[in-house]
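This report concerns only the one structure given below.
The values are calculated or read from the model by the stated rules, or taken from the named source; none is laboratory data. Note that the structure is a prediction, hence the values are computed from the model and not measured. Cβ atoms come from the backbone with ideal geometry, glycine included; neighbour counts cover every protein chain shown. Please note that ligands, DNA and RNA were not included when accessible areas were found on the heavy atoms of the full protein model with its side chains. Shrake-Rupley method; radii C 1.70, N 1.55, O 1.52, S 1.80 Å.
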Amino acid sequence: MGWLERNIIEPGKLPLLLALVAFVVTFVITRVITRLIRAGKGPFRNISGSGGVHVHHVVPGVILTLIGGFGAVAGGRHGFGSCLAAVIFGIGAGLVLDEFALVLHLADVYWTPDGRKSVEMVVLTASLVGLLLIGFSPLGVDDLSEDQQQNRAAVLVNVLVNFAFALIALFKGKLRLALVGLVVPLVALIAAVRLARPTSPWAKRFYRNRPKARARAGLRAYHHDRRWAGPRRAFQDWVGGAPDPQPARPLERR
């Protein structure tokens with residue numbers, strides 16, 4: 001309880017905790033409801049507006065996100081108002097990111113392979129926020145001893161150095177590792193020193209006149225994607241539901 005008070009409540013992280021819980025719970029409930037609608041079970045049905053237009057849940061999600069976001073800015077980091085705004089924001093964010101693929105593709109791809117991007121974004125967001133929440137905060141804690149102040153100053157320097165590694169990883173085309181590496185230093189360091197993905201800005205800039213490096217980067221990316229594509233799809237299907245089977249395209253006559 002003392003750790004919770006010192007590292008969550010005192011630095012003002014309670015709204016972040018409430019937002020994360022609301023975000024995850026909203027996503028889980030939304031996926032359960034959409035699976036039931038897809039299977040034709042239960043009392044739930046799709047919502048349609050005037051003219052038979054299907055109202056996606058990203059619409060109320062955007063509204064709730066705006067209300068919660070502006071409420072959080074106005075309410076600060078402490079008090080009932082900020083906690084309520086955080087819950088509203090978390091609910092809205094859960095609804096929006098559950099249809100992230102729809103926003104990305106500007107098409108209803110919820111139950112298609114492209115819809116897996118929504119699950120991936122939700123898992124990545126929840127993981128990152130969770131790491132930020134349980135991470136050691138170098139700021140916002142009162143009544144520190146001299147040794148504790150020195151320790152937290154060292155942590156702050158490490159955070160800045162780690163941020164530089166995360167930027168390098170992002171420049172090398174490793175978005176997931178860069179985001180996780182913002183909180184886990186070792187991940188950012190490993191991603192920064194390894195070969196860039198062949199289509200990344202780093203490869204285009206520094207591998208331009210290095211054919212061997214380009215070849216090694218392409219081969220490593222191929223083996224990595226081949227190794228992890230299957231498990232990643234299986235996990236996404238388990239979390240968000242398997243997509244509808246895609247019909248085979250007829251061969252074009254030449």
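If we keep just the residues of the stretch 161-185 that are open to solvent by less than 40 Å² (accessible area, probe 1.4 Å) and over 17 Å from the mean Cα position of the chain (by Cα), which is modelled with the highest pLDDT? Out of the qualifying residues, it is K172. Only a single item in (1) at pLDDT 75 or above; (2) under 30 Å from V25 (Cβ atoms); (3) not hydroxyl-bearing (S, T, Y) is not met by A203, and it is number (2).
Conditions (1) modelled with pLDDT of 90 or more; (2) surrounded by 12 or more Cβ atoms within 10 Å (Cβ to Cβ); (3) touching a Ser or Thr at 6+ places or on another chain (Cβ under 8 Å), marked per residue:
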residue: G2; (1), (2), (3): no, no, no
residue: K13; (1), (2), (3): no, yes, yes
residue: A19; (1), (2), (3): yes, yes, no
residue: V28; (1), (2), (3): yes, yes, no
residue: F44; (1), (2), (3): no, yes, no
residue: I47; (1), (2), (3): no, yes, no
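Filtering the stretch 213-230 for residues that are of a type in the set (G, A, S), modelled with pLDDT under 85 and exposed (fewer than 15 other Cβ atoms within 10 Å of the Cβ) leaves a non-empty set. Would it be correct to say that R38 is basic (K, R), in a helix (DSSP H, G or I) and surrounded by 15 or more Cβ atoms within 10 Å (Cβ to Cβ)? No: the conditions fail for R38. Quick check on L84: is it more than 22 Å from E120 (Cβ to Cβ), modelled with pLDDT under 75, assigned to a helix (DSSP H, G or I) and over 21 Å from the mean Cα position of the chain (by Cα)? No, not satisfied.
The listed residues are D147, D237, D142, D244, and the only one of them that is at pLDDT below 80, within 30 Å of P113 (Cβ to Cβ), over 20 Å from the mean Cα position of the chain (by Cα) and charged (D, E, K, R) turns out to be D244.
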